[in-house]
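Trainee: Here it is, the structure in full.
The values are calculated or read from the model by the stated rules, or taken from the named source; none is laboratory data. Because the structure is predicted, anything quoted here is derived from the model rather than measured. With ideal geometry, Cβ positions are generated from the backbone for all residues, glycine too; neighbour counts draw on all protein chains shown. For accessibility, only protein heavy atoms count, side chains too; no ligands or nucleic acids. Shrake-Rupley method; radii C 1.70, N 1.55, O 1.52, S 1.80 Å.
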Amino acid sequence: MSTRPVAVITGGAAGIGRAIADRFAAEGWQVHVCDADPEAVRRFQAEMPSCSASVTDVSNVSQVDALFDDVAARYGRLDVLVNNAGIAGPTALVEDIAPADWERTVAVDLNGQFYCARRAVPMLKAAGGGSILVTASSAALFGCPLRAPYTACKWALIGFMKTLAMELGPHRIRVNAICPGSVRGPRIDGVIEGDAKQRGLAAAEIRRLYERQTSLRSFVDAEDIANAAFFLASPQGAMISGQALGVDGHTESLSNWLD
Ligand code: NAD
């Protein structure tokens, strides 16, 4: 078995997770991605034959157990878990949110992080150290109207990250959260469409509003998140733990009321 470090990246076949997988692979790491979308996994595997991949829904505890059994058998070690998979959840006022939509958001965005971390930690301890990266959001730092389930989960992840940093620090395992702002790509386009529909406005107006929420007046790219993830996981981040790092052009507020 190779002695190169091993990273597991959840939701890694597309979007931010894919950019993180590309970066770790380019740096010579052994990378395993899991993703709930079989077609995205097939595409990833075709484009990145040196990495491994599996179809895993992080909200399903037995699929997550199978993922970590597979990683242990394949690589015999784990150095970094990038707990990245997450869904946007519904865009609606709280009284209009269906309980099933709330529950699905919690299942993926919160429970999935726990299911993965509980299996990764013994492997990280066995490796003598390592790190866990939690993909949170700028919605982990502000209230965000029309996104109550997502925002509640992302705030919960900061508490999860801080607590794991305390439990695991003595084992030389660092735990940090990255809080991306709006990332250019299909996911934020979908959120903007939903928001525009809710308010009866043009999508371009909502996009401008979101951009205006940041000091840099800009969305970010998935590669910006990957740069931060690699830095935090690498020896350059050796003394950084328990932090929530915004990679967001500096979000000033997520208050997007127009009245
Ligand atoms: P995305 O919608 O592009 O999804 C990335 C991948 O995650 C997809 O391939 C998808 O199939 C997979 N995925 C979805 N549900 C899954 C599940 N249950 N189990 C395993 N894989 C699953 O999303 P993204 O924009 O790359 O977001 C990644 C993370 O970044 C999420 O946690 C998200 O909340 C967070 N985030 C995104 C933005 C943004 O603007 N895109 C901003 C802040 C935070």
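Trainee: If residue 183 satisfies every condition in (1) near the ligand (Cβ under 10 Å from one of its atoms); (2) under 21 Å from residue 36 (Cβ atoms); (3) crowded, with 22+ Cβ neighbours inside 10 Å but one, which is the exception?
Mentor: That leaves (3) as the condition not met.
Trainee: Just give me the residues in region 217-233 being among the charged types (D, E, K, R) and outside any helix (DSSP H, G or I), in sequence order. Explain how you work it out, then say what you get.
Mentor: The initial filter retains those residues of region 217-233 that are among the charged types (D, E, K, R), namely 217, 221, 223-224.
Passing the criteria: 217, 221.
Trainee: Can you name every residue in region 193-220 that is open to solvent by less than 40 Å² (accessible area, probe 1.4 Å) and among the small types (Gly, Ala, Ser)?
Mentor: 194, 196, 203, 218
Trainee: Under 16 Å from the mean Cα position of the chain (by Cα) and touching a residue at least 60 places away in the same chain (Cβ under 8 Å), is that true of residue 228?
Mentor: Criteria not met by residue 228.
Trainee: How many of the residues in region 89-140 are part of a strand (DSSP E or B) and more than 10 Å from the ligand (Cβ to nearest atom)?
Mentor: Number of matching residues: 4.
Trainee: For region 55-87, give me the residue count where each residue is near the ligand (Cβ under 10 Å from one of its atoms) and hydroxyl-bearing (Ser, Thr, Tyr).
Mentor: Counting residues in region 55-87 that are near the ligand (Cβ under 10 Å from one of its atoms) and hydroxyl-bearing (Ser, Thr, Tyr) gives 2.
Trainee: Checking the structure you have, find out if any residue of region 168-176 is within 27 Å of residue 107 (Cα to Cα) and either modelled with pLDDT under 95 or in contact with a His (Cβ under 9 Å, 6 or more places away or on another chain) (or both).
Mentor: Within region 168-176, not a single residue is within 27 Å of residue 107 (Cα to Cα) and either modelled with pLDDT under 95 or in contact with a His (Cβ under 9 Å, 6 or more places away or on another chain) (or both).
Trainee: Could you please find all residues in region 221-240 being surrounded by 17 or more Cβ atoms within 10 Å (Cβ to Cβ) and within 19 Å of residue 5 (Cα to Cα)?
Mentor: 226, 228, 229, 230, 232, 233, 237 - these are the residues of region 221-240 that are surrounded by 17 or more Cβ atoms within 10 Å (Cβ to Cβ) and within 19 Å of residue 5 (Cα to Cα).
Trainee: Just one of 190, 246, 143 is within 13 Å of the ligand (Cβ to nearest atom), open to solvent by 10 Å² or more (accessible area, probe 1.4 Å), of a type outside the set (S, T, N, Q) and not in a helix (DSSP H, G or I); which is it?
Mentor: 246
Trainee: Right, here's the next one. Restricting region 1-29 to residues that are more than 14 Å from the ligand (Cβ to nearest atom) and polar (S, T, N, Q), which is least open to solvent (accessible area, probe 1.4 Å)?
Mentor: Taking the candidates together, the pick is 2.
Trainee: Could you tell me which residue of region 160-180 is nearest to the ligand (Cβ to nearest atom), considering only residues that are touching a residue at least 40 places away in the same chain (Cβ under 8 Å) and open to solvent by 50 Å² or more (accessible area, probe 1.4 Å)?
Mentor: Applying the filter and picking the extreme gives 162.
Trainee: Exactly one condition in (1) in contact with a strand residue (DSSP E or B) (Cβ under 7 Å, 6 or more places away or on another chain); (2) more than 9 Å from the ligand (Cβ to nearest atom); (3) over 22 Å from residue 228 (Cβ atoms); (4) outside any loop (DSSP other than H, G, I, E, B) is not met by residue 43; state its number.
Mentor: (1)
Trainee: Let me ask something else about it. Counting only residues that are more than 10 Å from the ligand (Cβ to nearest atom) and not hydrophobic (A, V, I, L, M, F, W, C), how many does region 30-40 have?
Mentor: 2
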